[in-house]
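Asker: My questions all concern the structure below.
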Amino acid sequence: MNYFLKQSIKCCIVTVLGASATLSAVAQPYHPNLPILDVSGEKNRQTVVARGTDEIYQGHPTTVLMPDGKTLFCAWSFDHGGKCGPLAKSTNGGVQWEMIPTPADWSTTFNCPSIYHLTDKTGKARLMVFAARPGMSQTWSEDGGKTWTPVKSLGKPCVMAFSSIVKLQNGDYLGLYHRGPDDKDKSPLKIWQSISTDGGVTWGESVMVGEMEGRSPCEPAVFRSPNGKQLLCLMRENQRKGRALMMTSEDEGKTWSKPVETPWGLTGDRHMVRYTPDGRIVSVFRDMAPNSPTKGHFVAWVGTYNDIINGLSGQYRVKLLHNYAGTDCGYPGLELLPDGKLVATTYIKYEPGTKKHSVVSVRFKLDDFDKRL
């Protein structure tokens, strides 16, 4: 029987659980259990946004797609968790990029900037950038990145700023991030959240919403079920004791289920998630799955929402980029263009030798991968 037909039948069988399924621990092997495709050698898919040099390490980018469906922004920092500052813009869906100037005070912020396009309840849109230090820093632009507000601290100690922000049904925004003991980057890590009622300008008191004994959930990635009624949060597990973690909310983030392990194929760091036009899910991340032949490289997982919440393997994995620096890569952006093409952007040691990490984009459509498998 055709593999994808089997997958369709499998999805139909479990669809009865739908988006209201309760997560439970599912026994699954700690070794590869789905097809793996390698396109990392296909340079025609790749664009170097910012090349590393012998002195400059380009690290930890995120991206955002603007409402016009073709303009992208990419923000990142120098060195591993170092100073923020670089910002690039593409006006043609990530085919070409240009560096754009940023305010001097961006260099006073540190570690893994995250960029979002948020709209308040009056319809006012802002391009927002958050950084981890000091105390979760924030700046925004109301003119498409031409000018920015002075950097300010939200007073929220964190290891990383909001790894994920989702719009709630009432128009508020829910932001999730992680913290460690004494606000140090050490175990046990826990997931925290805060809500903004004014389009991200101000944020309410933070509350702890995710923890697991003996594990360290971090770098949360939250998104909605296909019917919009459930929030699902994927999380890195930083003690490397098994697979990645996940939890769900049925009440717009007021309460969350206890974290459980994801399927093997989703085990990795700093997930970024998008739905494709046919309803499938693509998640890109640093591969950290036990016994994975692509461990430490930049990969994509392809499957369905039901695969995830029912503990099923998914359809396949793709090795997008080869990393020449152990496991130091994979903090990504992922954008879906109007034509169904995906643009995944990460930092990675792009080539052997003395050159440090670069920021690199990969463009792909699932149809191409489907045909190969």
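Any read-out appearing in this document is the output of simple, stated calculations on the displayed coordinates, not a laboratory observation. Remember, predicted model here, so these are calculated numbers, not experimental data. Here the Cβ is made from the backbone with ideal geometry for all residues, glycine too, and neighbour counts use every protein chain on show.
Asker: When the helix-only estimate is applied to the chain (DSSP H runs of n ≥ 4, each -39,500 (n - 2.57), divided by the residue count), what is the mean residue ellipticity at 222 nm, nearest 500 deg cm²/dmol?
Answerer: -1500 deg cm²/dmol
Asker: Report the calculated FRET efficiency for Ile56 and Val201 (r = Cβ-Cβ distance, R0 = 41 Å), to the nearest 0.05.
Answerer: Once the sixth-power term is evaluated, E becomes 0.80.
Asker: Obtain the nm distance between the two label points defined at Asp370 and His117 by a simple spin-label model: each point lies 7 Å from its Cα along the Cα-to-C-beta direction.
Answerer: Each label point is offset 7 Å from its Cα along the Cβ direction, giving 2.6 nm.
Asker: Sticking with this one: Can you run phi through the Karplus equation (6.51, -1.76, 1.60; θ = phi - 60°) for region 211-216 and list ³J(HN,Hα) in whole Hz, with x for Gly and Pro?
Answerer: 8, 8, 4, x, 10, 10
Asker: Amide H of Phe110: which non-local residues (sequence gap of 5 or more, or other chain) have their own amide H closer than 5 Å, using H built in the peptide plane?
Answerer: Excluding prolines and chain starts, which carry no amide H, the hits are Cys84, Ala132, Arg133.
Asker: List the lysines whose Cα lies under 19 Å from the Cα of Lys167, skipping any in the same chain that are fewer than 8 positions away.
Answerer: Reachable lysines: Lys121, Lys124, Lys229, Lys254.
Asker: If amide hydrogens are placed 1.01 Å from N in the peptide plane, which non-local residues have theirs closer than 5 Å to the one on Gly210?
Answerer: The answer is Ile191.
Asker: On full extension of the chain, what length is gained from Glu211 through Lys167, given 0.36 nm per residue of separation minus the C-alpha to C-alpha distance?
Answerer: In short, 13.6 nm is gained.
Asker: R0 = 41 Å: FRET efficiency of Asn33 with Thr147, Cβ-based, nearest 0.05?
Answerer: 0.25
Asker: List the residues, sorted by chain then number, that are 5 or more residues from Met288 or on another chain and whose placed amide H is less than 5 Å from its amide H.
Answerer: The answer is Gly268, Asp269, Gly296.
Asker: Could you give each residue of region 327-334 its phi-based ³J(HN,Hα) in whole Hz, using Karplus coefficients 6.51, -1.76, 1.60 with θ = phi - 60°, and x for Gly or Pro?
Answerer: Using θ = phi - 60°, the values come out as 10, 8, 6, x, 7, x, x, 8 Hz.
Asker: What shape does the chain have by the C-alpha gyration tensor, where a ≥ b ≥ c are the square roots of the eigenvalues, rounded means a/c under 1.5, and otherwise prolate means a/b greater than b/c and oblate the rest?
Answerer: rounded
Asker: Within the chain, what's the longest run with no GluC sites (Glu not before Pro) in a DSSP loop and at most 13 other beta-carbon atoms within 10 Å? Give the range, please.
Answerer: 214-373
Asker: Sticking with this one: Among Pro157, Pro61, Pro181, determine the one that fluctuates most according to a GNM of the chain built with springs between C-alpha atoms less than 10 Å apart.
Answerer: Pro181
Asker: With charges set only on the Cβ (+1 for Lys and Arg, -1 for Asp and Glu), what does the dipole of region 302-362 come to about its Cα centre, in debye to the nearest 20?
Answerer: Using only the charged Cβ atoms, the result is roughly 240 debye.
Asker: Could I ask something else about it? Please give the charge dipole size of region 38-371, origin at the Cα centre, charges +1 on K and R Cβ atoms and -1 on D and E Cβ atoms. Round to the nearest 20 debye.
Answerer: Here region 38-371 has a charge dipole of around 300 debye.
Asker: On to the next question. Enumerate the calculated ³J(HN,Hα) couplings along region 345-355 in order (Karplus 6.51 cos²θ - 1.76 cosθ + 1.60, θ = phi - 60°), each rounded to whole Hz, writing x wherever the residue is Gly or Pro.
Answerer: Running phi through 6.51 cos²θ - 1.76 cosθ + 1.60 with θ = phi - 60° gives 10, 9, 9, 6, 6, 7, 8, x, x, 8, 5 Hz.
Asker: Report relative contact order for the chain in percent, whole number only (criteria: Cα-Cα under 8 Å, sequence separation at least 6).
Answerer: Relative CO of the chain lands at 18 percent.
Asker: For region 205-242 and region 54-106, what is the separation of their C-alpha centers, rounded to whole Å?
Answerer: When both Cα centres are located, 26 Å separates them.
Asker: Straight-line reach from Lys89: which aspartates and glutamates have a Cα under 17 Å away, not including same-chain ones fewer than 8 places off?
Answerer: Cross-link targets: Asp68, Glu98, Glu142, Asp143, Glu335.
Asker: If you don't mind, another one. What FRET efficiency do you get for Asn44 and Asn92 if R0 is 22 Å and r is their Cβ-Cβ distance, rounded to the nearest 0.05?
Answerer: 0.90
Asker: Another question, if that's okay. So what does log10 I(q)/I(0) come out to for region 118-241 at q = 0.11, 0.18 Å⁻¹, using the Debye formula with one equal point on every Cα and no solvent?
Answerer: Taken in order of the listed q values, log10 I(q)/I(0) reads -0.39, -0.98.
Asker: Now for a separate question. Which of Lys349, Lys186, Lys295 has the fewest other C-beta atoms within 10 Å, and how do the rest follow up to the most?
Answerer: Listing Lys349, Lys186, Lys295 from fewest to most nearby Cβ atoms yields Lys186, Lys295, Lys349.
Asker: Next question. Give the order of Ile348, Ile165, Ile309 when sorted by the count of other beta carbons within 10 angstrom, beginning with the fewest.
Answerer: Ile165, Ile309, Ile348
Asker: Starting from the Cα of Lys83, draw a straight line to each of the lysines and keep only those under 25 Å, dropping any in the same chain fewer than 8 residues away.
Answerer: Lys146, Lys152, Lys156, Lys184, Lys186, Lys190, Lys349, Lys355, Lys356
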